[in-house]
Amino acid sequence: GAGMVPVAHGTDCGGSIRVPAAVCGVVGLKPSRGRNPVGPHVGEFVGGLDCEHVQTRTVRDSALLLDVLSGYEPGAPYAAPPAPPSWLECLKTKSPRLKIAFACARPDGSSIDEAIHKAMLSAVDFLSKDGHELRPFDWPEMSHAGAAAALFWQLEIEALMEHKAQARGYPISDKDVEWITYEFYKSSTRRSALDVHHARASQNKVSHDMADRFANIDVLITPTVGQAPPLIGGLVATGERHLEEWYKNAYAF
């Protein structure tokens, strides 16, 4: 966004490519799982939610880098659908008439900031006038999706902190990391293998439900964020360090 580099590497588990791109006015693409290699020493990261790509200033540059970076990785746990010969070449042809669904509210039905809502409707109007078929999107049941994603995050943080502790020979304390990281760590140590099993089941159900929705549409358009960018520290509005409050505010954003 500052123009310091033409391309920046990014990893996206829950928005870490898309959200910075949205608030900084650049292009951020999270590819399908299995599109870009993440290994060979990591089979999957954060329960398979992680995908690797870049942030760029243009769609063209993102497509070019996808041509360079993408490809099947032998032994990887995921494989993306077949790719065209060149993503960059795809930009040179006009899209056919597409069936496009759009969602102006969060999956739980709650509303987003008015300015973002208006921008969404403006994009929908533009696409409709361009000849595409637009329809509202009906979200599947996703009430357990956030909790499953949070558990995968917590497990990954616990594993990373344990690895760091082993490397230096003594445990990591709340003096060594940011408070939210340590809260994730403590929460993970209280979880069981059965919790992980249930989270995997929830993730699998959401994946299949979303695939069912895409049987009748080509594209789904949503806002990337539901609120204007918060100030540093703004996701804990009271100034006190409560994990549940952070979750509530972070997911709302």
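The values are calculated or read from the model by the stated rules, or taken from the named source; none is laboratory data. It should be emphasised that the depicted structure is a prediction, and the values quoted were computed from it without experimental measurement. Cβ coordinates were reconstructed from backbone atoms using ideal geometry, including for glycine residues, and neighbour counts include every protein chain displayed. Side chains included, ligands, DNA and RNA excluded: accessible areas come from the protein's heavy atoms. Shrake-Rupley method; radii C 1.70, N 1.55, O 1.52, S 1.80 Å.
What's the local net charge at Gly71, with K and R +1, D and E -1, over the other residues with C-beta under 15 Å away? Before the final figure, lay out the partial values.
Values: positive: Arg33, Arg35; negative: Glu52, Asp67, Glu73.
So the environment of Gly71 carries a net charge of -1.
Using every Cα-Cα pair within the stretch 1-98, state what percent have a distance larger than 22 Å.
Within the stretch 1-98, distances greater than 22 Å cover 32 percent of Cα pairs.
Using unit Cβ charges (K, R positive; D, E negative) and no other charged atoms, how large, in debye to the nearest 20, is the dipole of the chain about its Cα centre?
Numbers: 25 positive and 30 negative charges, 89 e Å.
Charge dipole, the chain, about its Cα centre: 420 debye, nearest 20.
Which of the trypsin sites (Lys or Arg not before Pro) found in the stretch 77-158 are in a DSSP loop and have at most 13 neighbouring Cβ atoms, other than their own, within 10 Å? Present the calculation step by step, with values, prior to reporting the outcome.
Working: sites: Lys92, Lys94, Arg97, Lys99, Lys118, Lys129; in loops: Lys92, Lys94, Arg97.
Of the trypsin sites (Lys or Arg not before Pro), the ones in loops of the stretch 77-158 whose Cβ has at most 13 other Cβ atoms within 10 Å are Lys92, Lys94, Arg97.
At q = 0.14, 0.31 Å⁻¹, what is the base-10 log of I(q)/I(0) for the stretch 145-201 according to the Debye formula with one equal point scatterer per Cα and no solvent? Please give it to two decimals.
Each listed q maps to, in turn, -0.39, -1.26.
For the stretch 97-149, what does the convex hull of the Cα positions come to per residue, in cubic angstrom?
Values: hull volume 4.8 nm³, N = 53.
Dividing the Cα hull volume of the stretch 97-149 by its residues yields 90 Å³.
Taking K and R as +1 and D and E as -1, what net charge do the other residues with C-beta under 10 Å from the C-beta of Ala101 add up to? Intermediate results must be reported in sequence, preceding the final value.
On the way: positive: Lys99, Arg135, Arg213; negative: Glu133, Asp138, Asp218.
Overall, the nearby charge balance is 0.
Sorted from largest down, give the three principal axis spans of the alpha carbons of the stretch 180-221, whole angstrom values.
43, 24, 6
Accessible area per residue for the chain in Å², computed with a 1.4 Å probe and the full protein assembly in place, what is it?
On the way: 15650 Å² over 253 residues.
Result: 62 Å² per residue.
Name the residue, out of Val206, Val68, Val196, whose mean-square fluctuation peaks in a Gaussian network model built on the chain with Cα pairs under 10 Å.
Of Val206, Val68, Val196, the Gaussian network model singles out Val68 as fluctuating most.
On the protein heavy atoms, probe 1.4 angstrom, tell me the percent of accessible surface of the chain carried by carbon and sulfur. Provide the component values of the computation, followed by the final result.
Working: 9030 of 15650 Å².
Summing carbon and sulfur atoms, their accessible area is 58 percent of the total for the chain.
Given Lys118/Lys205; Lys30/Lys129; Lys92/Lys205; Lys30/Lys94, which pairs have Cα atoms separated by over 25 Å? Walk me through the numbers on the way to the answer.
Working: Lys118/Lys205 32 Å; Lys30/Lys129 27 Å; Lys92/Lys205 37 Å; Lys30/Lys94 22 Å.
Going by Cα-Cα distance, Lys118/Lys205; Lys30/Lys129; Lys92/Lys205 fall outside the 25 Å limit.
Once phi is turned into θ = phi - 60°, what whole-Hz ³J(HN,Hα) does the Karplus curve with 6.51, -1.76 and 1.60 give for every residue of the stretch 30-41, x standing for Gly and Pro?
9, x, 4, 4, x, 6, 10, x, 10, x, x, 8
Quick one: 3J(HN,Hα) in Hz for the stretch 60-69, Karplus 6.51/-1.76/1.60 with θ = phi - 60°, rounded, Gly and Pro as x.
Those phi angles translate into 4, 5, 5, 5, 4, 5, 5, 4, 6, 8 Hz.
Could you tell me the distance between the Cα centroids of the stretch 186-253 and the stretch 98-130, to the nearest Å?
Taking the Cα centre of the stretch 98-130 as reference, the centre of the stretch 186-253 is 20 Å away.
List the residues whose amide H sits under 5 Å from the amide H of Val54, counting only those 5 or more places along or on another chain, with H placed 1.01 Å from N in the peptide plane.
Gly10, Leu29
Lys164: which lysines have alpha carbons under 26 Å from its alpha carbon, excluding same-chain residues fewer than 8 sequence positions away?
By straight Cα distance, Lys164 reaches Lys175, Lys186.
Give the dimensionless ratio obtained when the Cα radius of gyration of the stretch 206-247 is divided by 2.2 N^0.38 Å. Working shown, then result.
Values: Rg = 16.9 Å, N = 42, 2.2 N^0.38 = 9.1 Å.
That ratio works out to 1.85.
Given N residues in the stretch 58-183, what is its alpha carbon radius of gyration divided by 2.2 N^0.38 Å? Show your work: numbers first, answer last.
Working: Rg = 21.7 Å, N = 126, 2.2 N^0.38 = 13.8 Å.
So the stretch 58-183 has a normalised radius of gyration of 1.57.
Please give the length that would be gained between Val59 and His117 if that part of the chain were fully extended, namely 0.36 nm times their separation in residues minus their C-alpha to C-alpha distance (nm, one decimal). Walk me through the intermediate numbers first.
Details: separation 58, 0.36 × 58 = 20.88 nm, distance 2.31 nm.
Between Val59 and His117, full extension yields 18.6 nm more.
What Kirkwood hydrodynamic radius do you get for the stretch 103-253 when you take the inverse of the mean 1/r over all pairs of distinct Cα atoms, in Å?
Averaging 1/r across every pair of different Cα atoms and inverting gives 18.4 Å.
Can you run phi through the Karplus equation (6.51, -1.76, 1.60; θ = phi - 60°) for the stretch 162-179 and list ³J(HN,Hα) in whole Hz, with x for Gly and Pro?
5, 4, 5, 5, 5, 5, 9, x, 8, x, 8, 10, 6, 7, 9, 9, 5, 4
Taking 7 Å along the Cα-to-C-beta vector as the label spot, tell me the His41-Ala201 distance in nanometres, rounded to one decimal.
3.6 nm
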